[in-house]
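Working notes for the structure below.
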Amino acid sequence: METVHFKGIPCHTYGTVPAAGSKAPEFNLTAADLSTVSSDDFKGKTIVLNIFPSLDTDVCARSVRRFNEMAGNLDNTAVVCVSEDLPFAMSRFCTIEGLENVIPASAFRSPMFGEKYGVMLVDGPLAGLLTRAVIIIGSDGTVKYRDLVNEITDEPDYEAAINVLTGKF
């Protein structure tokens, strides 16, 4: 169990976020067309999992925009934006915003994602949603970086993530 905060209120997750150096759990999420977005789709690529509660909040929307901007300059890297939002809503947001460098992926049919990655909130005001985290999975399938954001209303550490992706850590 991990502890994070929502506006100062302690909240807990199911399980723990995988440690750097560990094998990343496989995942199956849902794309806008209801097809499966799977970890197998990205074999040999670096995967950035931008995980957040909902695109209906300013902070979550900003993180997707920021990762879209960052991803445009990264080779052999897939940025997968994950929330419990319906895939149609995620797709609509990306279309309206003109975001083409990220892959929206809903966990609404994949409760095991939140459990395996230790990001499913089990109590507090956002119970049932995913907490905010960034997990970078290397092309070898191991976790290279994990940022479980302590205060859900804060943005992730973009600079640290980009430093890992560009080898400047």
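The values are calculated or read from the model by the stated rules, or taken from the named source; none is laboratory data. Just so it is clear, the model here is predicted, and its values are computed rather than measured. Please note: Cβ atoms are built from the backbone with ideal geometry, for glycine as well, and neighbour counts cover all protein chains shown. The protein model used for the area step is the full one, side chains on, heavy atoms only, and it has no ligands, DNA or RNA in it. Shrake-Rupley method; radii C 1.70, N 1.55, O 1.52, S 1.80 Å.
From the list Ala127, Ala161, the one residue that fits, being touching a strand residue (DSSP E or B) at 6+ places or on another chain (Cβ under 6 Å), among the hydrophobic types (A, V, I, L, M, F, W, C) and part of a loop (DSSP other than H, G, I, E, B), is Ala127. Within segment 149-163, residues that are open to solvent by 50 Å² or more (accessible area, probe 1.4 Å) sit with their Cβ atoms under 9 Å from residues that are outside any loop (DSSP other than H, G, I, E, B) and modelled with pLDDT under 95, at 6+ positions apart or across chains, in these pairs: Thr153/Val59; Asp154/Val59; Glu155/Val59; Glu155/Arg62; Glu155/Ser63; Glu155/Arg66. Of the residues making up segment 87-98, those that are surrounded by 14 or more Cβ atoms within 10 Å (Cβ to Cβ) and either in contact with a Gly (Cβ under 8 Å, 6 or more places away or on another chain) or not aromatic (Phe, Trp, Tyr) (or both) are Pro87, Ala89, Met90, Ser91, Arg92, Cys94, Glu97. Candidates Tyr117, Tyr158: the one that is within 12 Å of the chain's Cα centre (by Cα) and closer than 25 Å to Pro10 by Cα is Tyr117.
Restricting attention to segment 139-158, the residues that are closer than 21 Å to Pro53 by Cα, of a type in the set (A, V, I, L, M, F, W, C) and not in a loop (DSSP other than H, G, I, E, B) add up to 1.
Exactly one residue out of Leu55, Leu49 is closer than 25 Å to Val4 by Cβ, open to solvent by less than 40 Å² (accessible area, probe 1.4 Å), without any contact (Cβ under 8 Å) to a residue 60 or more places away in the chain and among the aliphatic types (A, V, I, L, M): that is Leu55.
Please tell me if Met112 is touching a Phe, Trp or Tyr at 6+ places or on another chain (Cβ under 6 Å) and open to solvent by 20 Å² or more (accessible area, probe 1.4 Å). So Met112 does not fit the description; no.
Of all the numbered requirements in (1) at pLDDT 95 or above; (2) assigned to a loop (DSSP other than H, G, I, E, B); (3) within 14 Å of Ala20 (Cβ to Cβ); (4) open to solvent by 60 Å² or more (accessible area, probe 1.4 Å), Gly118 misses one, and that requirement is (4). Note on segment 10-101: no enclosed strands (runs of 3 or more DSSP E) hold 2 or more residues that are closer than 24 Å to Leu121 by Cβ, at pLDDT below 95 and of a type in the set (Phe, Trp, Tyr).
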